[in-house]
Every structure is written in C-alpha cells, then in structure tokens.
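Trainee: Provided herewith is a single structure, encoded as structure tokens, for subsequent inquiry.
The values are calculated or read from the model by the stated rules, or taken from the named source; none is laboratory data. Remember, predicted model here, so these are calculated numbers, not experimental data. Here Cβ is always computed from backbone atoms with ideal geometry, including for glycine, and neighbour counts include all displayed protein chains. Each accessible area value is taken on the protein alone, full model and side chains, heavy atoms only, with ligands, DNA and RNA left out. Shrake-Rupley method; radii C 1.70, N 1.55, O 1.52, S 1.80 Å.
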Protein chains: 2
Amino acid sequence: MKTHAERQLKICDTTLRDGNHAVAHQLGHADIVAYAKAAELAGADLLEVGHGNGLGASSIQVGRAALTDMEMLTAARAQLKQTRLGVLSIPGFATVERDLKPALDCGVDEVRVGAHCTEADVTRQQITMLREMGVTVKGMLLMSHMASTKTLIEQARLIQEYGAHAVILMDSAGAYTPAAVDEKVGALVEELDIEIGFHGHNNLGLSVMNSMAAVKAGATIVDVTARGFGAGAGNAPLELVAANLHLEQIETKLQLFAALDAADLAESTFVKRIPTNDSVTIASGIAGVFSGFASPTRRAAERFQVDPREILMELGRRGVVAGQEDTIIEVAMGLAQKNSLYEVI
Amino acid sequence: MKTHAERQLKICDTTLRDGNHAVAHQLGHADIVAYAKAAELAGADLLEVGHGNGLGASSIQVGRAALTDMEMLTAARAQLKQTRLGVLSIPGFATVERDLKPALDCGVDEVRVGAHCTEADVTRQQITMLREMGVTVKGMLLMSHMASTKTLIEQARLIQEYGAHAVILMDSAGAYTPAAVDEKVGALVEELDIEIGFHGHNNLGLSVMNSMAAVKAGATIVDVTARGFGAGAGNAPLELVAANLHLEQIETKLQLFAALDAADLAESTFVKRIPTNDSVTIASGIAGVFSGFASPTRRAAERFQVDPREILMELGRRGVVAGQEDTIIEVAMGLAQKNSLYEVI
C-alpha cells in the first residue's frame, strides 16, 4: 500500500452533483454533456453527477430533479474517458437494488457513501457490499467540524474497517478554518491507512485556503465545483484551487487553463447565480450550522419578524443538525417572544 | 510609542474609494450617504472616499467621476462621527494646492499617499508636508508582491523617515499567498516602529486568509470593502474579514452584525456586480500583473485572436507595471505571430 506522501493529489469535481443544489436539481442533459466534456479536458480525476442529495433523493420532499439518476449518469458517462464517473449515496435516500445496482450498470466508477460525522455505522452495509463487488467506494463524514478530532478518528476507522478506499471530511457548514483543517486532516492522515479527502464550502471565505491546508496536511482528494457552484455560499472553486496548486507547484492531472475554461463554461451556461456570501450564509458559517438551513431560516425570520442571523447563532449553540429543521421555528418563536418582552419593558 | 502588540487592529473600509473602480467612478450622493451611515454603525475605523485613483484623478484619461472629490467628501463627512474620513493621494494625480488642502478643509482626517513599491521617494514631499501640518498620514506601497522583503523594508523605512504614521502593503495584483504575507508583513513589523497595514485583493481567492495572516503577523491596519466591491476580482470583503476576526476573537471596533448589514446594504444599492473570479482575473493573480490590466488585455486578446491568459502570463514574466500598457499590444502581437507560425508548420 502506498503511503500518503506517495499518492498523487486527486481532484473530485462535484459541479454536476453538489452544484445541482444551486438550481433546485434542474441541471439538464445539455448542461451535463457540455460540462462533462470540459471536466474531462480539465483533467479532473472524478466527476460526481446527480441530484444534490445523491442517488434516489429526487422526491417532492427534497426536490424533484429535472432528469432521473440514470439519465444524468448516462449523459455524463458518454463524455468521460480519463475522468472517472462518481455518485453520492446517502443511505436512506439511496437503496442497493433500486439505485446503486442500476447506477453501477450505467458505468459508475466510484460510489461515495455519506453519513453524519458521528454515524459512520450507517455506511457499513453499502461500503461492505460495494467493496465485495470490487467497486471503488469512499466514505464521507458530513458536518465534520462538529466532531472532535478523536471522534473523527474513531468514525473514520470504522469506514476503513468496512473496506472503503478513502474517507472524506465534509465541511457541510463552511465552518472550518485552515488551522482546524490542518489539525483534523493531519490527524486522520496520521492514524489511517486509506486516503483522506476534504470537501470545502465557502461560508467564511476560506474554502480555497482550507483546501490548500488539507493538501498540505496530507489529504490526497480535494472536492471542488466550477465557480463554487453549490448551495448557499458555494463550494471551493475548481479554478481557484487549480490556480493555487499551480502556484505551489503541487502536481495533479489538472490542466490549468482547461480548468479555468471549465469554470468559464459553467458560468456562461448553467450557473444562474455565482455563489456569494450574504449575511445569512456568513452567520451560518460562524454558527457552524448546515448550509441547507439558510432558506428555512430566512422564511422563519420573515414570519416571526426576527433577525435570521440570531436564529442561526442559537441553532449553532444548540448543535442542531439536518433533520432537526423544526427547531428553526421554535428558536424563531423564542426570539420573537424575547423581543416583544423587551418592547414592553 | 506603543509597540505593535499593544495597538488595536483598525479596519479601513475603502468601499467608497477602491469600490468606485467597479462602477467607473460613478458612485452618487445617495450611495455615499447611505454607505457612510452603515460604515459608521459597523464600527469601521476609517472610511476612504473618492475616485478609485484618489484625489485629483477624475479625468477623461482615467475616467470622470460622477461627483467631484469635494462633493464626495462633504457627503461622507456629514455622516461620520467615530469613523474617520480618509482620502487616497497618488502624487501625479493629486497636488497639494488644488487637491489636498481643499480636502483637508472638507474635514478629511487622514491622507494615504501611494506610490509603486520601489518608488517610495515619490511620497516624500506630501508625507513631509502633511506631517508638518499635523495631519495623520500613511504611506502605501503599490504592487508590493513584486519587491523582495529587503527592498520593502528599505522603501518602508523611507516612508517612516518622511514622518508617516503607517505603511500599508498593497496587494494590487491579488498575487499574495498567506505565506508571503506572513513573511513580508512580519519583516516590516519587526524592522519598523510605525504601524503596518495590508490591503488585499481576491484574484487567487485568498484575500480573507491573507488579511488574517497579516493580522497574525502583526499588521494593525486591514483594508476591506463591502462584498469585496472593487475592480476585477475585488477586495478583501469587510463582512468575511469581520466574521473571521469574530471567530478568532481578535478585538476591533467592528460590530459584527452591523458590518454584515453594511455589506448587505451595499449589495442591495450600488454594487452592480459582486466581484467574482473569471479566467482572466485568476491568470492576472497567477502572473502577478496589476488588476487594471485585465480590461485592456481582454481587448488586445480579442483584436489579435489570442488567449488573454497567455498575454497576462507573459506580462508577468516581463515584470510589467502600471504605465506600461503598451506592452500588452506588443505581447499580443507576438503571440499572434507565434500562433500563425505554428499554423504554417
């Protein structure tokens, strides 16, 4: 087995999966074909494709995608030669028979199985099965800024034991700083044999530097999207990570100008709004709250006439995670009551 | 005299000066009044106001501002109490009698005198005179990534000798990395008695982290703009620097939510396009070429049918600086000739 230092850095382009969040999962056939061509030319190692929440997630509750999983994967597959095709699988959304097996039949090269950072055991069944089938499979720990380094090591070790080829720390709230990346990625690189990856978001304006910090700490997989295309404050931008890797003379398969071209193409075709940081996405990063809470928080703030940032800061203090969206309303009501008390006084 | 460690960090908000570049110097009276109020509430230490190139720069060649220097300064002055009012003076554009004295009569609290990073002597006359008049005056070294640490120390010492209260390193090309900031700012903090500042641009997506690196290296002045409002890839965003200072518990006069409000206000009123990084602004950062070269480079690329990024990379190799815009055409022609040679072969 190669040591961490011997492994070449791999760039995972998740524009056509995580980016789908930014357009309510409405990426179309032409978008996928054009961008897959560009990602191949850019030299991305992996192109992740699908609904924002991964295989099997398209639904009225989470949002219906414009295309089925298989339509998206088939469209991308036809454009890729060197760049490998990847999918996200979150157990609960994705099931083996209905979603994973047909995806593999479509020619998917790699499956990334995700779970909350303290619930790695949820990934066991899928990782074990995929590994037995000879598929490249990676584990992803969501909202990983919330867990201590010790916990992350324990959870990542479980993913390694299940047979995954890598574990990827997801900065789902865009709440990491380079120092925290250095500590957590560095510890995992030290303690695990499999590859370590980092997936950054930009709520604090640090996604590029966090990605570079991950590489310097020994991560050999970095996730990016063209122009940071993604929900809320967006992802680490492919083109800026490419520029910084070039300046630092860190070798990858990326072709610098082709990577810049891919991002320009995305902007000129399917990127409706280049991600930026408004008050709410920044407060979400400060509070360390899941980016997906931004929209329901804005709605609750409007309804109860309170500051959305106060809601997010309180959600952060309570350590709320995805699935606990009801708490948003509770916190907003509480703030509204407090405010009206002050008005009386 | 206070040591560097005893000085509180000061935030210079240059939204209404550097940001003016992004709207061809067309900020109007209502924009200035509204934003000055917001900057005061945000707790900015200094609000820099004026034409993008500073006092006296409004002209057909550089671009006519919507308002005169005095109209802009008077509008801002009326809104500021705690926040001090600043102007940029670049000798050549700004003269003492015509520009500086009337500006001081308008109630300007601070003048920042700028010159290319190897030409500090250009600032001598104005700094000396302003210091003798009892005005707070700071020196700015433009394109400072181009000079060695040794040269910057020599140039900054000149500015100190002239009597300036601080010297500010300008990352005019957005070409710094945090490691370079740490080295250069750290050396100036070590070698000089006056305050050191940093003014970051975002061509490489590092402006926030570079600003934080400057603070950690001992800088006590950091320049920002709301939403990064500025030419090309924009400046270090006020709201993201505020968020990171909050997270790192670094004390300033900034009020976090009010700083976020100021940026939201700017976006909803006068920011026409939130700065982002396209291919050309990134190549400009990689090459270390002045951001102002982006537009003429795009035009030359179009005219000679060559890749604008190749032009910028060559300009970077030649170490071209502002004032040498003719070289853009020369390089573009050279690339076009080279391309047509290859076509023949």
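Trainee: Pull up the DSSP beta bridges for the protein assembly as shown and report the antiparallel fraction as a percent, rounded to 5.
Mentor: Within the protein assembly as shown, antiparallel bridges account for around 5 percent of the total.
Trainee: Using a 1.4 angstrom probe with every protein chain in place, what is the largest-first accessible-area order of B:Arg124, A:Arg157?
Mentor: B:Arg124, A:Arg157
Trainee: What total accessible area, in Å², is buried where chains B and A meet, using a 1.4 Å probe and rounding to the nearest 100?
Mentor: 2800 Å²
Trainee: Taking the Cα centre of the stretch A:7-268 as the origin, how large is its charge dipole in debye, to the nearest 20, when only Lys and Arg (+1) and Asp and Glu (-1) carry charge on their Cβ atoms?
Mentor: Rounded to the nearest 20 debye, it is 220 debye.
Trainee: Something else now. How far apart are the B:Thr149 label points across copies, placing each 7 Å from Cα toward Cβ, in nm, shortest first?
Mentor: Shortest to longest, the spacings are 2.7 nm.
Trainee: Over the heavy atoms of B:Asp223, what accessible area does a 1.4 Å probe trace out, to the nearest 10 Å²?
Mentor: Taking all protein chains as shown, B:Asp223 has close to 0 Å².
Trainee: Mind running the shape call on the stretch B:279-344? Use the C-alpha gyration tensor, a ≥ b ≥ c as the square roots of the eigenvalues: rounded below 1.5 for a/c, prolate if a/b tops b/c, oblate otherwise.
Mentor: Here the stretch B:279-344 falls in the prolate category.
Trainee: Subtract the Cα-Cα distance of A:Val33 and A:Arg298 from 0.36 nm times their separation in residues, and report this length gain in nm to one decimal.
Mentor: That works out to 92.0 nm of additional length.
Trainee: Still on this model: Pairs A:Lys150/A:Lys253; B:Lys37/B:Lys216; A:Lys216/A:Lys253: which exceed 23 Å Cα-Cα?
Mentor: Too far apart for the 23 Å limit: A:Lys150/A:Lys253; B:Lys37/B:Lys216.
Trainee: If I stretch the segment between A:Lys150 and A:Arg64 completely, what's the gain in nm (0.36 nm per residue apart, minus their alpha carbon distance), one decimal?
Mentor: In short, 27.2 nm is gained.
Trainee: Over 10 Å intervals from 0, what percent of Cα-Cα pairs in chain A sits in each interval?
Mentor: With a bin width of 10 Å, the distribution comes to 6, 27, 36, 23, 6, 2, 0.
Trainee: With +1 on the Cβ of every Lys and Arg and -1 on the Cβ of every Asp and Glu, and nothing else charged, how large is the dipole of the stretch A:241-328 about its Cα centre, in debye rounded to the nearest 20?
Mentor: For the stretch A:241-328, the charge dipole is close to 280 debye.
Trainee: Any idea what angle helix A:29-42 forms with the longest principal axis of chain A, computed on alpha-carbon atoms, 0 to 90 degrees, nearest 10?
Mentor: 60 degrees
Trainee: Can you tell me what share of the DSSP beta bridges in chain B is antiparallel? A percent to the nearest 5 is fine.
Mentor: Around 5 percent antiparallel, to the nearest 5.
Trainee: Which residue, B:Leu100, B:Leu265, B:Ala233, has the largest displacement toward the positive end of the dipole of the stretch B:4-268 when charges sit on each Cβ (Lys, Arg +1; Asp, Glu -1)?
Mentor: Of B:Leu100, B:Leu265, B:Ala233, it is B:Leu100.
Trainee: State in Å² the accessible area per residue of the protein assembly as shown; use a 1.4 Å probe, count heavy atoms of protein chains only, and round to the nearest integer.
Mentor: 38 Å²
Trainee: Right, another one. Just to be sure I understand the interface: list residues from the stretch A:268-316 that lose 40 Å² or more of accessible area between the chain on its own and the complete protein assembly, 1.4 Å probe.
Mentor: Residues losing area: A:Thr276, A:Asn277, A:Ser279, A:Ile282, A:Ile286, A:Arg309.
Trainee: Now a separate question. For peptide A:236-247, what's the mean number of Cβ atoms from other chains within 10 Å of each residue's Cβ?
Mentor: If you average over the peptide's residues, the count of other-chain Cβ atoms is 4.
Trainee: Right, another one. Which chain A residue sits with its beta carbon nearest the axis carrying A onto B, and how many Å away is it, rounded to a whole number?
Mentor: Axis-proximal residue of A, distance in whole Å: A:Met209, 2.
Trainee: Tell me the angle of helix A:294-304 to the major Cα principal axis of chain A, expressed in degrees between 0 and 90 and rounded to the nearest ten.
Mentor: 10 degrees
Trainee: Determine the sum of side-chain charges near B:Thr151: Lys and Arg each +1, Asp and Glu each -1, restricted to other residues whose C-beta is under 15 angstrom from that of B:Thr151.
Mentor: -2
Trainee: Right, another one. Which FRET efficiency value, to the nearest 0.05, do you get for B:Arg318 and B:Ser268 by plugging their Cβ-Cβ distance into 1/(1 + (r/R0)^6) with R0 = 60 Å?
Mentor: 0.90
Trainee: Can you compute the charge dipole magnitude of the protein assembly as shown about its Cα centre, using +1 on each Lys and Arg Cβ and -1 on each Asp and Glu Cβ, nothing else charged? Give it in debye, rounded to the nearest 20.
Mentor: 520 debye
Trainee: Shortest first and in nm to one decimal, what separations exist between A:Glu132 and its copies in the other chains, measuring from label points 7 Å along the Cα-to-beta-carbon line?
Mentor: Distances to the matching label points in the other copies: 8.9 nm.
Trainee: Further question on the same structure: On the accessible surface of chain B, probed at 1.4 Å, how many percent belong to carbon and sulfur atoms?
Mentor: Looking at chain B in its full context, I get 51 percent from C and S.
Trainee: Still on this structure: Round to the nearest 10 and give me the degree value, 0 to 90, for the angle of helix B:238-247's Cα axis relative to the longest principal axis of chain B.
Mentor: Once rounded, one gets 70 degrees.
Trainee: Count charges around A:Leu55 for me, please; just the other residues with Cβ under 15 Å from its Cβ, Lys/Arg as +1, Asp/Glu as -1.
Mentor: For residues surrounding A:Leu55, the net value is -2.
Trainee: In percent, what relative contact order does the stretch A:267-342 have, based on Cα pairs under 8 Å that are 6 or more apart in sequence?
Mentor: 30 percent
Trainee: Additional query: For labels at A:Met133 and B:Asp326 in the simple 7 Å Cα→Cβ model, what's the distance in nm?
Mentor: Placing both labels 7 Å beyond Cα along the Cβ direction yields 6.7 nm.
Trainee: A:Arg64 label points, 7 Å along Cα→Cβ, one per copy: pairwise distances from this copy to the rest in nm, shortest first?
Mentor: 5.6
Trainee: Let me have the 222 nm mean residue ellipticity of chain A computed from DSSP H runs of 4+ only, each contributing -39500 (n - 2.57), with the sum over all residues rounded to the nearest 500.
Mentor: Rounded to the nearest 500, it is -13000 deg cm²/dmol.
Trainee: Leaving out ligands, DNA and RNA but keeping every protein chain, what accessible area does A:His116 have, in Å² rounded to the nearest 10, with a 1.4 Å probe?
Mentor: Rounded to the nearest 10, the figure is 40 Å².
Trainee: Okay, next question. Which one of A:Val62, A:Val185, A:Ala214 has its Cα pushed farthest toward the positive end of the charge dipole of chain A, where Lys and Arg give +1 and Asp and Glu give -1 at the Cβ?
Mentor: A:Val62
Trainee: Additional query: First measure r as the distance between the Cβ atoms of A:Leu341 and B:Ala258, then evaluate 1/(1 + (r/R0)^6) with R0 = 25 Å and state the FRET efficiency to the nearest 0.05.
Mentor: For A:Leu341 and B:Ala258, the calculated efficiency is 0.60.
Trainee: Sticking with this one: Label points 7 Å out from Cα along the Cβ direction at A:Ala179 and B:Asp105: separation in nm?
Mentor: Here the modelled spin labels are 5.0 nm apart.
Trainee: Rank A:Cys12, A:Cys106 by accessible area, highest first, at a 1.4 Å probe radius?
Mentor: So, going from the largest accessible area down, we get A:Cys106, A:Cys12.
Trainee: Mind telling me which of A:Thr281, A:Thr14, A:Thr149 comes out most flexible in a GNM of chain A, alpha-carbon contacts under 10 Å?
Mentor: Comparing A:Thr281, A:Thr14, A:Thr149 in a Gaussian network model of chain A, the most mobile one is A:Thr149.
Trainee: In angstroms, what radius of gyration and Dmax does the protein assembly as shown have, counting Cα atoms only?
Mentor: Here Rg and the maximum Cα pair distance are 25.8, 85 Å.
Trainee: Under a crude label model (7 Å from the Cα following the beta-carbon direction), how far is A:Val96 from A:Gln125 in nanometres?
Mentor: 0.8 nm
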